[in-house]
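Notes follow once the structure below has been shown.
Read-outs throughout are calculated quantities, based only on the coordinates presented, and are distinct from any laboratory measurement. Bear in mind that the values here come from a model prediction, so they are computed numbers and not experimental data. Neighbour counts run over all protein chains shown; Cβ positions are idealised from the backbone, glycine included.
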Amino acid sequence: MSNLKVLFIGGSGIISTSCVHEAVRQGMDVTVLNRGTSKLRRLPDGITRLTADSNDPDSMREAIGDTYYDAVVNWVNFVPDQVRRDIDVFGGRCGQYVFISSASAYQTPPTRMPVVESTPLKNPEWQYSRDKIACEELLVKAYRQDDFPMTIVRPSHTYDETLLPFEAKWNVIERMRAGKPVVVHGDGTSLWTITHSRDFAVGLVGLLGKEAAIGEPFHITGDEAPSWNRIFEDAAAAAGVADPKLVHIATETIAAAIPEWGPGLLGDKAHTMIFDNSKLKRLVPAFGQSTTPFKLGIREVVDWYDAHPEQRAVDPGVDELQDRLIEAFGPRPL
């Protein structure tokens, strides 16, 4: 067990909530700083709660006072200006600063696999990913020039019981249960690494306070990489649907028809992504020893939605768009 003093900025999101629970389980002295607006996930007892806007440096300084943290993990930084602010606020105020980047920052599509931490960072399709790359570059410079004690963490597709892995979210389950076809990008055979947040948390918390992690990037992903066809089929089974109707449509066609889905599909989900987690496992041997397979994880997700009817939002516009795509580009009847 550890008495490491850790500050999580954010801390109530899909991934971060599991990390707060894991840090508490490991005996760390945990503080969570956020705006206090999220009610969806429950944080554990025994933590310190601070209320501040992380985008307001004065608000954050007032909240943390003169406290020194062994590790600071910021879950809500997405652009370089936010990282510059944190370098200014936490320089000399923490033993380790963890930036949550994204595995979508890696070369897309990759020229070789498995992806390792030294794989080039380049994503021409998704501004979100390019912003994360720019944040990383800023932190690398701060580490090299000013010894800012940063660690970079790159999650891939990570979920908890509240997150369905589809662009159409709950619409997919509703359509399956109604016997309607659902759209799958491409031919559904690309392999996709998907990780439960509980498993991710073991890796992330295991890096906290580790001197060997300073100045280094790590991706934290599961070793399971089912095809998208299998992901849809496992979701159908979890929803009690024995024979889902999957309609495969070119990713570019979907992106053109539903532009808000385009960057996440073309810049991420359309490509097979398999990761080598050896670097993390050398430093955190517990990572990967006990994991949640997606077939079981997706049951938790569907069960959670079934128990929370207020969260089962169906977007009629998305439903109509799927019908149009299937009618225009789906298989023709014989």
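Here the sum of -39500 (n - 2.57) over DSSP H runs of 4 or more residues, divided by the residues of the chain, equals -11000 deg cm²/dmol at 222 nm, to the nearest 500.
In this structure, the amide hydrogen of Leu50, modeled 1.01 Å from its nitrogen in the peptide plane, lies closer than 5 angstrom to those of Val32, Leu33, Asn34, counting only residues at least 5 positions away or on a different chain. The tail of the calculated P(r) for the stretch 247-315 beyond 15 Å holds 74 percent of all Cα-Cα pairs. Largest mean-square fluctuation among Ala213, Ala257, Ala23, in a Gaussian network model of the chain whose springs join Cα atoms under 10 Å apart, belongs to Ala257.
Give me, ordered by chain and number, the residues 5 or more places off Val72 or on other chains with an amide H under 5 Å from its own placed amide H. Residues meeting the criterion, in which the H sits 1.01 Å from N, are Leu7, Gln96, Tyr97, Val98. Here is the result for the stretch 166-266: no GluC sites (Glu not before Pro) lie in DSSP coil with at most 14 other C-beta atoms within 10 angstrom of their C-beta.
Relative to the longest principal axis of the Cα atoms of the chain, the long axis of helix 16-25 lies at roughly 50 degrees.
The tail of the calculated P(r) for the stretch 72-183 beyond 18 Å holds 59 percent of all Cα-Cα pairs.
Seen from Ala255, the other residues with C-beta closer than 12 Å to its C-beta sum to a net charge of -4, counting Lys and Arg as +1 and Asp and Glu as -1.
For the chain, the longest principal axis of the C-alpha atoms and the axis of helix 294-307 are separated by about 90°. Highest mobility in the GNM of the chain, judged by mean-square fluctuation with C-alpha springs under 10 Å and restricted to Arg299, Arg49, Arg25, is found for Arg25. A simple count of charges around Asp53, restricted to other residues whose Cβ falls under 15 Å of its Cβ and scoring Lys, Arg +1 and Asp, Glu -1, yields -1. Bridge orientation summary for the stretch 125-282: considering DSSP beta bridges with both residues in this region, about 10 percent are antiparallel.
Working out 0.36 nm times the residue gap between Glu327 and Glu62, then minus their Cα-Cα distance, what length gain in nm do you get to one decimal?
Details: separation 265, 0.36 × 265 = 95.40 nm, distance 5.71 nm.
89.7 nm is the gain from fully extending Glu327 to Glu62.
Angle of helix 197-207 to the longest C-alpha principal axis of the chain, folded into 0 to 90 degrees and rounded to 10: 30°.
Scalar couplings 3J(HN,Hα) for the stretch 158-166, obtained by applying the Karplus form with A = 6.51, B = -1.76, C = 1.60 to θ = phi - 60°, are 10, 9, 10, 5, 9, 10, 8, x, 10 Hz; x denotes Gly and Pro. Quick one: pull the percentage of alpha-carbon pairs in the stretch 165-255 with a separation above 16 Å. Counting every Cα pair in the stretch 165-255, those more than 16 Å apart make up 63 percent. In the stretch 1-120, Cα pairs under 8 Å separated by at least six residues give a relative contact order of 24 percent. Among beta bridges identified by DSSP and lying wholly in the chain, the antiparallel ones come to about 5 percent. GNM on the chain, alpha-carbon springs under 10 angstrom: the most fluctuating residue among Leu33, Leu121, Leu296 is Leu296. One entry in [x] 178; [y] 137; [z] 166 is volume of the Cα convex hull per residue in Å³ calculated from the shown coordinates; its label is [y]. Summarising the overall dimensions of the stretch 192-334 from its C-alpha atoms, the Rg and Dmax are 18.8, 64 angstrom. Over the stretch 94-148, the fraction of Cα-Cα pairs per 5 Å bin, rounded to whole percents and listed from the shortest bin up, is 4, 19, 26, 21, 17, 9, 4, 1.
State the dimensionless ratio Rg/Rh of the stretch 1-134 (Rg: radius of gyration of Cα atoms; Rh: Kirkwood radius). Present the calculation step by step, with values, prior to reporting the outcome.
Numbers: Rg = 16.1 Å, Rh = 16.1 Å.
Over the Cα atoms of the stretch 1-134, Rg/Rh equals 1.00.
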